[in-house]
Amino acid sequence: MIVSGNISKVRKVIKEAKRRNKLVGFVPTMGALHAGHMSLVKRAKKECSFVVVSIFLNPTQFGPGQDLRRYPKCFAKDTHLLRRAGIDLLFYPRQEAMYQRNHSVYVQEDSLSKGLCGKFRPGHFRGVCTVVGKLFNIVEPDIAYFGQKDYQQALILKRLVRDLNFSLKIKILPIIREKDKLALSSRNSYLSPGERTDALSLYSSLREAKSLIKKGERNPRKIINEMKRIILSKKGVKIEYIKIVDAQNLKELDKIRAPVLIALAVYIGKTRLIDNVIINVKG
Ligand code: AMP
């Protein structure tokens, strides 16, 4: 495994791989890797002959007062996991290599970014689109892998690829969960044992929503109220949003129609967690 933070070197290594007709798979991450990240790496390894992972804690996607400074960093463990997974190249750039001091160009998506997390994290998706656009230009992958865990992000990045004519395919892979169904997240490490238990209410509420839809409920408001009841039964939690939207355009629905995305963001103490399910509704 080559480890480099040098953009010219990384370009050169990838150019050489392409000259040897390798299919380049790419998994961008912010590090603190867990089984969710590794599921993307495994799929990339299965489908591609040259796998690149990036670890870059991107400052432009964090707003003031968000958790950039305390975001977990475990480079030694991450490198070990990636080496064991057999990836070819780990791109680990320094902040100054990615952003010149007077950088002034950003990439902004103007439709899908408006709702859900975008409403509560102004500038977040602009930071994501900018950094991922830059990473795509550096790595020039054939396939890039993202998790459904950040479904809005993945959909926005698909739009970025389409609208800015990047020559690659984006694949969105399922959410990896703990045994008790908590979605894996680097931020779970912030949770105290009590908060960790309270966090299970996120998936319980999504499971209840799924079950209500299966039983024929088509009124989003009723489903959301039931989800709120489940989550707010825990003390010390604050719901940022619970939304039921069209899974393709992220527009809010007044009646459940397939396929729907049920997405939520909830503060467990000071930790903001997100989760979602996509439901294919019949009839
Ligand atoms: P991050 O390091 O949080 O930027 O995540 C890097 C990639 O891993 C993104 O595409 C995430 O959607 C994906 N990811 C994070 N958590 C999970 C999970 N529990 N299951 C599947 N993919 C995940």
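Looking at segment 164-188 only, could you name the residues that are surrounded by 13 or more Cβ atoms within 10 Å (Cβ to Cβ), more than 27 Å from VAL107 (Cβ to Cβ) and more than 7 Å from the ligand (Cβ to nearest atom)?
Of everything in segment 164-188, those that are surrounded by 13 or more Cβ atoms within 10 Å (Cβ to Cβ), more than 27 Å from VAL107 (Cβ to Cβ) and more than 7 Å from the ligand (Cβ to nearest atom) turn out to be GLU178, LYS181, LEU182, ASN188.
Here is a list: ASP110, ASP150. Which entry is within 16 Å of the ligand (Cβ to nearest atom), closer than 30 Å to VAL266 by Cβ, among the acidic types (Asp, Glu) and not assigned by TED's automatic domain parsing to the domain that holds VAL245?
Details: ASP110 fails: within 16 Å of the ligand (Cβ to nearest atom).
Matching residue, one of ASP110, ASP150: ASP150.
Test SER205 against the stated conditions and say whether it is under 30 Å from LEU40 (Cβ atoms), within 16 Å of the ligand (Cβ to nearest atom) and crowded, with 19+ Cβ neighbours inside 10 Å. Write out each step before concluding.
Numbers: under 30 Å from LEU40 (Cβ atoms): yes; within 16 Å of the ligand (Cβ to nearest atom): no; crowded, with 19+ Cβ neighbours inside 10 Å: yes.
No.
Any residue at all in segment 59-66 that's in the same structural domain as PHE120 (by TED's automatic domain parsing), more than 10 Å from the ligand (Cβ to nearest atom) and within 21 Å of MET1 (Cβ to Cβ)? Walk me through it before giving the result.
Initial filter on segment 59-66 (in the same structural domain as PHE120 (by TED's automatic domain parsing)): 59-66.
Those left that are additionally more than 10 Å from the ligand (Cβ to nearest atom): 59-60, 62-66.
From the residues that got through so far, the ones that are within 21 Å of MET1 (Cβ to Cβ) too are none.
Taking every residue of segment 59-66 in turn, none turns out to be in the same structural domain as PHE120 (by TED's automatic domain parsing), more than 10 Å from the ligand (Cβ to nearest atom) and within 21 Å of MET1 (Cβ to Cβ).
Since GLY216 meets every condition but one in (1) out of contact with any helix residue (DSSP H, G or I) (no Cβ under 8 Å at 6 or more places or on another chain); (2) part of a helix (DSSP H, G or I); (3) away from the ligand (no atom under 12 Å from the Cβ), which condition does it not meet?
(2)
Just checking, does segment 74-85 include any residue being within 15 Å of the ligand (Cβ to nearest atom) and of a type in the set (Gly, Ala, Ser)?
So far as segment 74-85 goes, yes, one or more of its residues are within 15 Å of the ligand (Cβ to nearest atom) and of a type in the set (Gly, Ala, Ser).
Within segment 155-195, which residues are under 16 Å from ILE231 (Cβ atoms) and either in contact (Cβ under 8 Å) with a residue 24 or more places away in the chain or of a type in the set (Gly, Ala, Ser) (or both)?
Passing the criteria: LYS181, ALA183, LEU191, GLY194, GLU195.
Just to be sure I understand, how many residues within segment 46-56 are farther than 15 Å from GLU140 by Cα and crowded, with 17+ Cβ neighbours inside 10 Å?
Residues that pass the stated criteria total 2.
Here's a check for you: in segment 131-145, which residue that is surrounded by fewer than 22 Cβ atoms within 10 Å (Cβ to Cβ) and over 22 Å from TYR99 (Cα atoms) is farthest from the ligand (Cβ to nearest atom)?
ASP142
Being more than 24 Å from ILE7 (Cα to Cα) and within 17 Å of the chain's Cα centre (by Cα) is true for just one of PHE125, PHE136, PHE146, PHE120. Which residue is that? First the steps, then the outcome.
Details: PHE125 fails: more than 24 Å from ILE7 (Cα to Cα); PHE136 fails: more than 24 Å from ILE7 (Cα to Cα); PHE146 fails: more than 24 Å from ILE7 (Cα to Cα).
Only one candidate qualifies: PHE120.
For (1) polar (S, T, N, Q); (2) farther than 20 Å from ASP275 by Cβ; (3) in a helix (DSSP H, G or I), each residue gets a yes or a no:
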| residue | (1), (2), (3) |
| --- | --- |
| PHE146 | no, no, no |
| LYS149 | no, no, yes |
| LYS181 | no, no, no |
| ASN188 | yes, no, yes |
| SER201 | yes, no, yes |
| LEU206 | no, no, yes |
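Which members of segment 97-117 meet the condition of being of a type in the set (Gly, Ala, Ser) and within 17 Å of the chain's Cα centre (by Cα)?
First, pick out the residues of segment 97-117 that are of a type in the set (Gly, Ala, Ser): 97, 104, 111, 113, 115.
Passing the criteria: SER113, GLY115.
Among the residues of segment 271-283, are any surrounded by fewer than 16 Cβ atoms within 10 Å (Cβ to Cβ), touching a residue at least 24 places away in the same chain (Cβ under 8 Å) and either more than 23 Å from GLY115 (Cα to Cα) or in contact with a Lys or Arg (Cβ under 9 Å, 6 or more places away or on another chain) (or both)? Working first, answer last.
Applying the first criterion (surrounded by fewer than 16 Cβ atoms within 10 Å (Cβ to Cβ)) to segment 271-283 yields 280-283.
Keeping just the survivors that are touching a residue at least 24 places away in the same chain (Cβ under 8 Å) gives 281-282.
If we keep only those that are either more than 23 Å from GLY115 (Cα to Cα) or in contact with a Lys or Arg (Cβ under 9 Å, 6 or more places away or on another chain) (or both) as well, we get 281-282.
Taking every residue of segment 271-283 in turn, at least one turns out to be surrounded by fewer than 16 Cβ atoms within 10 Å (Cβ to Cβ), touching a residue at least 24 places away in the same chain (Cβ under 8 Å) and either more than 23 Å from GLY115 (Cα to Cα) or in contact with a Lys or Arg (Cβ under 9 Å, 6 or more places away or on another chain) (or both).
Pull out all pairs, ordered by first then second residue, where Cβ-Cβ is under 9 Å, the residues are six or more apart or on different chains, the first lies in segment 26-40 and is assigned by TED's automatic domain parsing to the domain that holds LEU135 and at pLDDT 95 or above, and the second is among the acidic types (Asp, Glu) and more than 6 Å from the ligand (Cβ to nearest atom).
If the second residue must be among the acidic types (Asp, Glu) and more than 6 Å from the ligand (Cβ to nearest atom), the pairs left are PHE26/GLU140; PHE26/ASP142; THR29/ASP78; GLY31/ASP78; ALA32/ASP78; LEU33/ASP78; ALA35/GLU178; HIS37/ASP78.
Of everything in segment 242-270 that's among the small types (Gly, Ala, Ser) and closer than 18 Å to LYS114 by Cβ, which residue is surrounded by the most Cβ atoms within 10 Å (Cβ to Cβ)? First the steps, then the outcome.
Step one: list which residues in segment 242-270 are among the small types (Gly, Ala, Ser), which gives 247, 258, 263, 265, 269.
Cutting the leftovers down to closer than 18 Å to LYS114 by Cβ gives us 247, 263, 265.
On the way: ALA247: 20, ALA263: 23, ALA265: 21.
That would be ALA263.
The values are calculated or read from the model by the stated rules, or taken from the named source; none is laboratory data. Values in this document were obtained by computation on a predicted structure and should not be read as measured data. FYI the Cβ positions are ideal-geometry reconstructions off the backbone, even for glycines, and counts take in every protein chain you see.
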